[in-house]
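*Asks:* Structure incoming, see below.
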Amino acid sequence: MHKLESIADQIRQEFDARTAARDKALATARQLTRACSLAIRAAHRIETDGLAGQLSEARSLADALRAELQTFPDLFHAGYTQDALKEFVEANATCALIQNQPLPTPEELGVGGATYLNGLAEVVGELRRRTLDILRHGYSQEAERLLGLMDDIYGVLVSMDYPDAITSGLRRQTDVARSIIEKTRGDITFSLRGEHLEQAIGKLIGQLNGDQPEVQKEAGKFVTQGEDE
């Protein structure tokens, strides 16, 4: 029984260490998620300085999260950890694409393939948000560029025909991305048609205004002839 107590003490020490690592990782994951959210908000507001600062903080937190769980791989691959790293991917990819910069790779971000793809799927929603902000001021080629990026992302996602156990539920995210893209395509088409209609009306008004002097001239001739008679 003395040996059993010794075994129990070792297990308690292991559990204490795992619990402390888990609690610390949870706190870091929350901070990472917040920094990523602020970076995305700065990207939408075109606040370049704030964006860079938040991304730098997010990278430091992501590195800290990996270091904290280096000796606990099962905790590192737990849901809350990978969700935070997915937000890290989303923030970096969103900021890069909105600024028309190269897309960061999984190696540059230090994440696995499944986490990277799921983060990339979330980017589609952020690009739609940016597109709608642009369309509020009228149709723009920038909206078309963002739609093209969304299509490119979807093309990659839909090609990943693997079980959800491998891709961490990517199939559902892909379906959501497809729905978002189709809605965005409809919004851009509606905006483009509206602009074409506005241009056609403006052209017609211009033609009518251009004809007014001739109409007035003919009317003047008619009045003059009536007075002579």
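*Asks:* In the range 182-217, how many residues are within 20 Å of LEU135 (Cα to Cα), open to solvent by 90 Å² or more (accessible area, probe 1.4 Å), of a type in the set (A, V, I, L, M, F, W, C) and at pLDDT 70 or above?
*Replies:* Final tally of qualifying residues: 1.
*Asks:* For SER179, indicate whether it is assigned to a helix (DSSP H, G or I) and surrounded by 14 or more Cβ atoms within 10 Å (Cβ to Cβ).
*Replies:* no
*Asks:* Being of a type in the set (Asp, Glu), within 27 Å of ILE46 (Cβ to Cβ) and out of contact with any helix residue (DSSP H, G or I) (no Cβ under 6 Å at 6 or more places or on another chain) narrows it down to one residue among ASP151, ASP175; which is it?
*Replies:* ASP151
*Asks:* OK, next. Would you mention how many residues in the range 53-99 are closer than 13 Å to GLN31 by Cβ and among the acidic types (Asp, Glu)?
*Replies:* 4
The values are calculated or read from the model by the stated rules, or taken from the named source; none is laboratory data. Keep in mind the model is a prediction, meaning the values are calculated, not measured. Methodologically, a virtual Cβ is constructed for each residue, glycine included, from the backbone with ideal geometry; neighbour enumeration extends over all protein chains shown. We work out accessible area using only protein heavy atoms, side chains counted, and drop any ligands, DNA or RNA first. Shrake-Rupley method; radii C 1.70, N 1.55, O 1.52, S 1.80 Å.
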